[in-house]
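> I'd like to ask you about the structure that follows.
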Amino acid sequence: MQQRLDGDPVCDQDAIAAHLLLCPSCRAYYQAVQLLEGSLQEVKLARPRPDLTERIVAQVLAERRHALRRRRLAGAVVGMAAGLLLVIVAGRFWPSPSQPDSVVVPLAKNNLIEEERPAPRAPAARTSLLETGEAVVALTRQVAGETLGRTRLLLSPVSVAANLDNDGIFADFIEVPARSMRQVGQGVSAELEPVTDSARRAIDLFLRDLPPATQGNQTGL
Amino acid sequence: MVDEAALVKRCLQGDAEAIRALVDRFQTEVFGLCVRLLNHRHDAEDVTQEVFLRVFRSLRRWDKTRPLKPWIMGITVNRCRTWVSQRQNRPESIEYLGDLANDPATDDAAELAREIRFAVAKLRSEYRTVFILYHEQGLAYEEIAQVVKHPVGTVKTWLHRARLEVLERLQHRGMVAKDT
């Protein structure tokens with residue numbers, strides 16, 4: 001009877017019809033359900049307000065835009081993090097362009113072979129820069145020190161050379177402009193290096209030819 | 001099915017007109033089911049909105065080989081169930097009765113229809129759901145089984161018991177003779 005009420009094909013329609021004639025409760029149920037179904041056709045589906053569609057569409061589109069924005073932001077953050085990680089790893093593990101160290105290993109007195117050490121791992125970029133800077137400073141100090149030393153050496157024979165009638169050569173350098181001692185020393189050293197070498201050789205020869213007693217009274221050299 | 005698949009594809013691409021078309025197509029049925037399950041018009045509008053948001057969020061998971069309506073009705077039933085469990089039971093709403101006032105029972109058939117609606121509202125949740133999905137929404141047993149996630153045999157049993165309870169109430173109200 002359920003199948004019949006549902007409109008499904010029933011195997012034995014005659015048997016059901018015969019039973020309905022004989023069974024009051026089944027007959028009552030069958031007729032009531034038919035009445036129920038007929039009445040339900042009168043039931044109208046409740047209708048929503050007309051603006052509900054637009055409200056729903058607006059909310060769906062807004063949510064979609066928000067989701068897209070979130071996905072793009074997440075992608076940008078992940079990309080930046082990956083790029084940063086790549087730079088750090090590359091800086092750490094990038095091989096040094098310098099030649100591998102060569103170490104002279106004495107094999108025998110006259111037989112020396114060079115043994116190559118594997119190139120040291122390139123220090124981090126920051127450490128390399130710091131070391132380079134320190135090396136430059138140290139080298140500058142060394143050169144400045146040497147220059148000053150040579151300048152002092154140059155100034156000492158000036159007092160001797162003045163007696164040798166060489167005022168014309170050194171007078172220009174005695175007139176010192178308002179610059180740092182280091183710059184003056186560098187300039188003097190660069191320009192007069194061959195002259196100082198010659199002067200030193202000349203003085204050495206002069207001192208060698210002096211008698212012993214006179215040598216004890218030498219000053220300034 | 002092809003038409004639905006094409007519409008869904010356009011919705012996934014963000015086509016506003018496709019989204020509007022899909023909402024228009026199913027809005028009345030979703031709202032009608034919500035009203036009958038929640039017995040409250042305002043709640044039904046809120047839940048209807050929520051249902052469609054969930055539909056579009058999970059549209060990619062819809063099985064293209066199956067019809068769209070049972071899938072959407074399944075989401076509707078679940079949302080209504082959640083809504084009911086989160087609030088206290090409300091008495092039948094005056095707003096709901098207000099709908100009936102706009103359509104007064106001018107004859108016996110209309111009055112019977114109104115009595116049936118009241119009787120259905122008194123049914124237990126799963127019976128009421130199955131009854132409405134079958135008699136008002138016109139879904140087949142297999143589709144109802146998909147919506148309520150129970151076997152077809154269980155759906156048929158629930159529908160049979162729902163009919164018996166509605167009949168009993170109508171007989172109690174004198175709308176249907178006890179024995180013919």
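> Taking beta carbons within 10 Å but only from partner chains, what does the mean come to for residues A:28-36?
Mean shielding by partner chains, rounded to a whole number: 6.
> Just to be sure I understand the model, the point goes 7 Å from the Cα along the line to the Cβ. What's the resulting residue B:150 to residue B:86 distance in nm?
Rounded to a tenth, the inter-label distance reads 2.4 nm.
> Fewest to most neighbouring Cβ within 10 Å: what's the order for A:134, B:29, A:37?
So the residues, fewest neighbours to most, are A:134, A:37, B:29.
> If you don't mind, there's one more thing I want to ask. At a 10 Å Cβ-Cβ cut-off, how would you order B:165, B:111, B:17, fewest neighbours first?
Exposure proxy ranking, most exposed first: B:17, B:111, B:165.
> Packing-wise, with mean Cβ within 10 Å as the measure, how do B:49-56, B:30-37, B:79-86, A:62-69 rank, highest first?
Going by the mean number of other Cβ atoms within 10 Å, highest first, we get B:30-37, B:49-56, B:79-86, A:62-69.
> Compute the length gained on full extension between residue A:78 and residue A:134: take 0.36 nm times their separation in residues and subtract their Cα-Cα distance, giving the result in nm to one decimal.
The residue A:78-residue A:134 span can extend by a further 16.4 nm.
> Taking each residue of B:20-29 in turn, how many C-beta atoms of other protein chains fall within 10 Å of its C-beta, and what is the average?
Partner-chain Cβ atoms within 10 Å, mean over residues of B:20-29: 3.
> Now for a different question. Going by how many other beta carbons lie within 10 Å of each one, how would you line up A:80, B:73, fewest first?
Result, fewest neighbours first: A:80, B:73.
> When a/c is below 1.5 the answer is rounded, else prolate if a/b is larger than b/c, else oblate, so apply that to segment B:1-78 with a ≥ b ≥ c taken from the square roots of the Cα gyration tensor eigenvalues.
Prolate, since a/c reaches 1.5 and a/b exceeds b/c.
> Enter the mean number of other protein chain beta carbons within 10 Å of the beta carbon of each residue in B:71-82, as an integer.
0
FYI, it's all coordinate maths here, none of it is from the lab. None of the values given here were measured: they were computed from a predicted structure. Cβ coordinates were reconstructed from backbone atoms using ideal geometry, including for glycine residues, and neighbour counts include every protein chain displayed.
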